[in-house]
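The values are calculated or read from the model by the stated rules, or taken from the named source; none is laboratory data. A quick note: this is a predicted structure, and the numbers were derived from the prediction, not measured. For neighbour counting, all protein chains shown are included, and Cβ atoms are generated from backbone atoms with ideal geometry for every residue, glycine included. Keep in mind that these areas ignore ligands, DNA and RNA; they rest on the heavy atoms of the full protein, side chains included. Shrake-Rupley method; radii C 1.70, N 1.55, O 1.52, S 1.80 Å.
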Amino acid sequence: MIFKHFNIDKYVFIPTILIFAVVSAILIMGGSSLQGFLTVALAWITKQMGWAYMMIYIVNFIFFMWLLFSKYGAIRLGDPHSTPQYSNLQWGSMVFATAIDASILMLSIVDPIRYVSSPPFGIKPFSQNAYNYAHMLGQFDWGPMAWMMYAPAAIAIGYILFVKKGHVQRLSKSITFIQGDEKWKYALRQLVDFLIVFGIMGGVGSSVGMEIPIISNVLSSLTGLPDNMTLKIGLFGLLFVIFAWTVWHGLNGGIDKLSDMHIWTAVIFLAFVLLVGPTIYILSSETNSLGLLTSNFVSLSTNTVPNGTPDIANSEVIFYWGWWLAYMPAMGLFIARISKGRTIRQILLGMLGYGSAGCLSFYAILGGYSLWLQKTGVINLVHILNTKGQEAVITAVLSSLPFRSIVFIVYCISCFIFLATTISSSAYIVSSFTSLKLKDNQEPSQFNRMTWVIIFVLFSFGIVVVGGFNTVETFCAISGFPLMFVCIMILVSIYHMVKNDEGIVLKAKGMDDMRIEKKKEKMQRIRAKRMAARLNRNTDDDD
């Protein structure tokens, strides 16, 4: 009765809540003693299952490149003559904003330092080639392969919403071949929804677990407060208040207000670093990195290291591939919602253009600046990373910029805005997936939304208690793993939807209803002739 009152689907809600409650308790009680176990788990996943992560991204990328350049790319998500709801610039800005959370503000500074000391493909550490690859590798992790992982959910949901005129509350609704009243189909839909919630929880929880220690370290350097667990608990308390307020108020009056501030802080910060930093070095490095990314795209996409020990670059790719998979349902749903009136081709090109370019700009500017500090000897960031961790690296890089106090304040505010936006939006989406059928414009119950905020905070706090970047990497890889199977199901569903809707494809080419009927009749006659020819050949063979 309680679950019905709050409109909650207990078959998805209860198992997920229990799993993350138990895992949170284990992390909090186990603390740093679990680091060794999680490091071993990550090494096993990278070595034994790395091929699976690589293959799903390769299959996904090839599928959407085929869809992009095929006749089905002309299918419009909406009526044949409808126009996009947003201009190209508005749409691109919103897509770009989905890729920005506090993680990219942090990892774009630290990742190149990891790579320059442990480069892939047998490159000598700290060599000229190592610096070149260090600047490029992060851009691969946030580039076209990664962005196409949002496409399955975006295209499938958009197709159901705006072409089929259906109602999509859960991603399982967009998988056509599991729709129906049969018990096995219902059970499979529930399993898909559970895996999606599990993935989102793991991915977003890991994000917060990584970002809080960094914000704590930066805030400690700014204020002089000791960087200890007390400060981190205080930050969790502040974030919980922000999360609770935005989620309680829902889409209107909460999440939308944070989203309005989302993009400007990042653009201003990047422009500042580019102007006051080594501008020519950053621009030259990026030009070189784009060439390296193009020439090494295939080898990076298939780098499973079957012989020898996986390097840091390989482990990072598995971590990122799990992370992008975990975010696929939430970000895909967002992109679908804002894409009415656009063709499939426009959406895919927009994601590759605006999305990838937005992410690459962070690694180009912030990564280029941190590598310049290391190369010129201004700061030995590699030593800081190895002895004090990535939190200290970010603080050291920010401290090297002019107007240090202002930079720290802007950086902390940016991270808080991004964290609050990501967590609030994710809690809202997860609560939608765990609700019973919602009417148009009906939001999940406040009880449902607030429960997920609490679980997010507890799970993230558990990751902080354990500590270590390997902890974050392990949970991201694990949370993304089950979504590989969901991704394959969605690709199959998209293929059948576009192949079976010949009329929609013809309308996309500008044909009216009469011409479409004639075209269909012509195609049917051609098929009939081919079938008759096959029968005649079989008859001749029998004779």
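Once R0 is set to 35 Å, what does the formula 1/(1 + (r/R0)^6) return for the Cβ-Cβ distance between Ser284 and Asn380, expressed as a FRET efficiency to the nearest 0.05?
0.95
What nm value, rounded to one decimal, do you get for the distance between Arg525 and Lys10 when each label is placed 7 Å out toward the C-beta?
6.2 nm
So between Ser93 and His81, what do we pick up on full extension, going 0.36 nm a residue minus the alpha carbon distance?
1.9 nm
Could you compute the net charge surrounding Pro119? Neighbours are other residues with a C-beta less than 13 Å from the C-beta of Pro119; K and R count +1, D and E count -1.
In short, -1.
Quick one: ranking Ile26, Ile2, Ile417 by accessible area, 1.4 Å probe, largest first, what do you get?
Sorted descending by solvent-accessible area, the residues read Ile2, Ile26, Ile417.
Once you wrap a convex hull around the alpha carbon atoms of segment 108-156, what is its projected area averaged over all directions, in nm²?
Computed as one quarter of the Cα hull surface, the answer is 3.8 nm².
Hey, can you grab everything whose amide H is under 5 Å from the amide H of Thr343? Only 5+ residues off in sequence or another chain; H modelled, so Pro and N-termini drop out.
HN-HN under 5 Å from Thr343: Leu77.
Mind giving me the FRET efficiency for Ile62 and Lys499? R0 is 25 Å, r the Cβ-Cβ distance, nearest 0.05 is fine.
E between Ile62 and Lys499, to the nearest 0.05, is 0.90.
Work out the length of the dipole vector of segment 84-237 about its Cα centre, built from +1 on the beta-carbon of each Lys and Arg and -1 on the beta-carbon of each Asp and Glu, and round it to the nearest 20 debye.
Approximately 460 debye in magnitude.
Tell me the net charge near Val95. Cut-off is 13 Å between Cβ atoms, Val95 excluded, with +1 for each Lys or Arg and -1 for each Asp or Glu.
+2
Rounded to the nearest 10 degrees, what's the angle between the helix 390-399 long axis and the longest principal axis of the chain, both from Cα atoms, 0 to 90?
Roughly 70 degrees between the two axes.
Compute the angle between helix 10-30 and the longest alpha-carbon principal axis of the chain, please, reported from 0 to 90 degrees and rounded to the nearest 10.
Orientation of helix 10-30: about 20 degrees from the principal axis.
With all distinct Cα pairs included, what does the Kirkwood hydrodynamic radius of segment 22-166 come out to in Å, to one decimal, could you say?
19.4 Å
Please compute the net charge surrounding Ile318, taking Lys and Arg as +1 and Asp and Glu as -1 over other residues with Cβ under 11 Å from its Cβ.
-2
Stretched out fully, how many nm does the piece from Ala187 to Ile413 gain, at 0.36 nm a residue minus the Cα gap?
Here the segment from Ala187 to Ile413 would lengthen by 77.0 nm.
Just how far, in whole angstrom, is segment 423-493 from segment 143-216 if you go by their alpha carbon centroids?
10 Å
Find the Rg to Rh ratio for segment 303-405, where Rh is the Kirkwood radius over alpha-carbon pairs and Rg uses the same atoms.
1.08
How are the Cα pair distances of segment 277-336 distributed, in percent, across 5 Å bins from 0?
4, 14, 14, 15, 16, 18, 14, 5, 1
Can you list, largest first and rounded to whole Å, the semi-axes you get for segment 206-248 by taking the square root of 5 times each eigenvalue of its Cα gyration tensor?
Over the Cα atoms of segment 206-248, the ellipsoid semi-axes are 20, 11, 8 Å.
Taking just the alpha carbons, could you work out the radius of gyration and Dmax for segment 140-228, both in angstroms?
Answer for segment 140-228, Rg first and Dmax second: 19.8, 62 Å.
In vacuo Debye scattering of segment 340-390, one point per C-alpha: log10 I(q)/I(0) at q = 0.14 Å⁻¹?
Per q value, in the given order, log10 I(q)/I(0) is -0.55.
Give the long-range amide H neighbours of Ser435: residues separated by 5 or more places, or on another chain, with amide H under 5 Å away, using H modelled in the peptide plane at 1.01 Å from N.
Under 5 Å from the amide H of Ser435 lie the amide H atoms of Asp9, each far enough along the sequence or on another chain.
So between Ser301 and Thr223, what do we pick up on full extension, going 0.36 nm a residue minus the alpha carbon distance?
23.7 nm
What is the spread of the Cα atoms of the chain along each of their three principal axes, largest first, in whole Å?
On the principal axes, the chain reaches 86, 61, 45 Å in Cα extent.
Hey, can you rank 381-390, 295-304 by average C-beta count inside 10 Å, highest first?
Top of the packing list down: 381-390, 295-304.
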